[in-house]
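To start, the structure under review is shown below, and the notes come after it.
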């Protein structure tokens, strides 16, 4: 199966869809059929609901499913990171328990990494995991957690050893978000949306078999999750579109999109909306101005170069190569493009860029761009973090001098003011 040609894959997928697709099924019923066939996640191993095909073939399968008018496996949100991490590091129990629900969309996930006291320094996590009576008792606080308000499970990084150095005392868990002791509060952003959450964890319980990493080796697993996340933050992500058909399955699919994409509806604005620059300049009557045209051309050139960089990274992924530091290059490039587009939109609109509502162009889209683009330089690791990764892992430059990596974590100063 792994040496199938693209044409063979297309033919087999079409044959499967002709024999099995029924829009009168429920969405979950159809996805279970799809997952059982192996076409829901063809890049997964055969023994774990896939066909063992190269990642590039997943794009071919997705294309055939869309052209047929069918619906594929669930891919929105953190669930793709959960699936990739569990496949790479999880036990057979984890794979058996969670992979199907990830692909059918029955279970939603969140990522519990960032904390108020450590920001992008994820290795500085201070959420405690104490082993008592055969179970892990979790106490701490996480923040900037997308979709935590409707998540069933979380990918949790917590500290199990306070006498080890910071990167060695962390352990990676799967936590049930629906249990007592987990309090999720949504955070209102300056752009009016509420995608992120702060999560307070008080004596929550994790069974020992829900530990993903070896004790103190959670950073290695977290790195896998982060690399997949950064590879998806380079501007090449595509969100599923609604299908306007009356059958039950399509209706459930559209409802899923509304629910799962709600935290992400402002994400196009945080990229700077390069696609709107020319249209915006024309709407403001400034498209013929040489200075405006020159600035638009600069941003379009930057965006195209960033797109090519992202395509190289995705080509490597499609060849089955694990994600690496190239994700940081793409993410940093996306930040530069967003800020440049923000500046040009402001140059075009002037003070009108601050208008919202019916008095503004596109009902305040430009104002939303201006207040949303800072997020792309923060989410998934700040630009400064990406520069460190690129300098150390790509350019092989000396590591940044640190004073917190050579002593027990309990001795590292934290949350100090002044």
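The values are calculated or read from the model by the stated rules, or taken from the named source; none is laboratory data. These numbers come from a predicted model, not from an experiment. Please note: Cβ atoms are built from the backbone with ideal geometry, for glycine as well, and neighbour counts cover all protein chains shown.
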Picking from 186, 141, the residue that is within 25 Å of residue 407 (Cα to Cα) and in contact with a strand residue (DSSP E or B) (Cβ under 6 Å, 6 or more places away or on another chain) would be 141
Somewhere in the stretch 123-135, is a residue crowded, with 17+ Cβ neighbours inside 10 Å, out of contact with any strand residue (DSSP E or B) (no Cβ under 6 Å at 6 or more places or on another chain), within 25 Å of residue 263 (Cβ to Cβ) and at pLDDT below 95?
no
Does residue 69 fit the bill of being under 30 Å from residue 412 (Cβ atoms), surrounded by fewer than 17 Cβ atoms within 10 Å (Cβ to Cβ), modelled with pLDDT under 95 and out of contact with any strand residue (DSSP E or B) (no Cβ under 6 Å at 6 or more places or on another chain)? no
Next item on the list: Would you check if there is a residue in the stretch 154-163 being at pLDDT 95 or above, out of contact with any helix residue (DSSP H, G or I) (no Cβ under 8 Å at 6 or more places or on another chain) and under 26 Å from residue 49 (Cα atoms)?
Entry: yes
Task: Check on residue 203, at pLDDT 95 or above, touching a helix residue (DSSP H, G or I) at 6+ places or on another chain (Cβ under 7 Å) and exposed (fewer than 15 other Cβ atoms within 10 Å of the Cβ) - done: no
Expected single match for touching a helix residue (DSSP H, G or I) at 6+ places or on another chain (Cβ under 7 Å), part of a helix (DSSP H, G or I) and either modelled with pLDDT under 85 or under 30 Å from residue 222 (Cβ atoms) (or both) among 364, 330, 320, 324 is 330
When the stretch 385-397 is checked residue by residue, the ones that are out of contact with any helix residue (DSSP H, G or I) (no Cβ under 8 Å at 6 or more places or on another chain) and either exposed (fewer than 13 other Cβ atoms within 10 Å of the Cβ) or in a loop (DSSP other than H, G, I, E, B) (or both) are 395, 396
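So that you can scan it fast, the table gives a plain yes or no per residue for (1) more than 30 Å from residue 267 (Cα to Cα); (2) modelled with pLDDT of 95 or more; (3) surrounded by 15 or more Cβ atoms within 10 Å (Cβ to Cβ):
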position	(1), (2), (3)
57	no, no, yes
85	no, yes, yes
96	yes, yes, no
99	no, yes, yes
Handout entry: Residue in the stretch 151-160 that is in a loop (DSSP other than H, G, I, E, B), within 30 Å of residue 28 (Cβ to Cβ) and touching a strand residue (DSSP E or B) at 6+ places or on another chain (Cβ under 6 Å) present
Key = yes
